[in-house]
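Reviewing the structure listed below.
The values are calculated or read from the model by the stated rules, or taken from the named source; none is laboratory data. The structure displayed is predicted, hence computed values, not measured ones. Cβ atoms come from the backbone with ideal geometry, glycine included; neighbour counts cover every protein chain shown.
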Amino acid sequence: VKSFHLIKFFSLQKLPLRLGALGMAIVLWLFVMSDKEYSIIMKIPLVARNISAQKALKEEVPEFAQVRLIGTGNELLKAYLLKNFFENFKLILDLDHISEEYDFILNDYFSKYPQKVVIPPSFRLKFVEVVYPREVHISLDEYLVKSVPIIPQIIVQPIPGYIQVGDIKMIPPSVNVAGPNILTKEITEVLTATDTLKNIGHFTNRTISLNKSNRLIEYSLNKINYQVDIQEISERIISEVQIQIVNIPDEFRVFVNPQTVSLTIFGGVNRIAEIYPEDIFIYIDFEKQWTPRSQFFEPVVVTPNDILEWQNLSPRNVELVVTKGTS
């Protein structure tokens, strides 16, 4: 029976994958069970430390280095599987005495300062050399901090019969960015991650991440809150809105009849309840609209940006009485 299952195992269509898995299992078993020393190349973090408080990295330092290590099979496998869980498994570049530029020849540096090769004592491994990169160029710049506005990349799609009132509110509206002067001075805004709010019908408060395109730039916050005011669409009649006459030449005196009008506005139910006649600007531009052949003119209506629309201006046209001014 066992031989039948073995034949079936090797006769399946995925024979190459199964043979590869079997071969890898055998190699790993020999590797782990052996007390013989092996040499292996492993990727471990490369960390720049002790930068002056007035300085910042102008160019990125590689996050990792390929390092050759020696150890028994089981020690190397243990390190390979668990190294990411140990914060003190790294190579350290000390930038304490660097003012602007410096080239680290890594193997010379770690040979001179072996304490900068940090391997947890629970791993019985010996550091041999850095395979890649062989050297690291360090370039420092003046450290700059400034505040820039946060720009949302958020699409709001209310359910039918509802409307977004006002802009998306960012909390806070700005963030401090810090880093090398040459990069930081070019930053004028920070974008949020993209998000889409679909079929919402109520006030919404959420958290969103900020986009970061360069590891050398630090933010005072990595996440912020934002608020979107969604209200049911309603209508309201606003009466006694004053008509303004603008751009009147000095030689004329102009009177409007009637002096006020009414209209219907549409928008979020709570928002339109806050609207007063003074919030709506209704005017006639004398220079652009007036002509001696006409007596009645249609005013221009300007409502707040978060009002959906207006209708039913009453009266639609008003009379202008124009006389020559007295000197």
Residues of the range 285-301 being surrounded by 13 or more Cβ atoms within 10 Å (Cβ to Cβ), farther than 12 Å from Val254 by Cα and among the hydrophobic types (A, V, I, L, M, F, W, C), which ones? Phe297, Val300, Val301
Any hit, the range 294-311, residues being of a type outside the set (S, T, N, Q), part of a loop (DSSP other than H, G, I, E, B), in contact with an Asp or Glu (Cβ under 7 Å, 6 or more places away or on another chain) and within 30 Å of Gly179 (Cα to Cα): no
Within the range 306-323, identify whether any single residue is in contact (Cβ under 8 Å) with a residue 60 or more places away in the chain and exposed (fewer than 11 other Cβ atoms within 10 Å of the Cβ), and answer yes or no. yes
So, Val241, is that one in contact (Cβ under 8 Å) with a residue 40 or more places away in the chain, of a type outside the set (Lys, Arg) and within 26 Å of Asp306 (Cα to Cα) or not? yes
Within the range 157-268, considering only strands (runs of 3 or more DSSP E) that don't extend past its boundaries, which have at least 1 residues that are over 29 Å from the mean Cα position of the chain (by Cα) and among the small types (Gly, Ala, Ser)? 223-246, 260-268
Within the range 142-200, count every residue that is of a type in the set (S, T, N, Q), farther than 20 Å from Asp229 by Cβ and in contact (Cβ under 8 Å) with a residue 40 or more places away in the chain. 5
Does Pro149 count as surrounded by fewer than 14 Cβ atoms within 10 Å (Cβ to Cβ) and modelled with pLDDT of 95 or more? yes
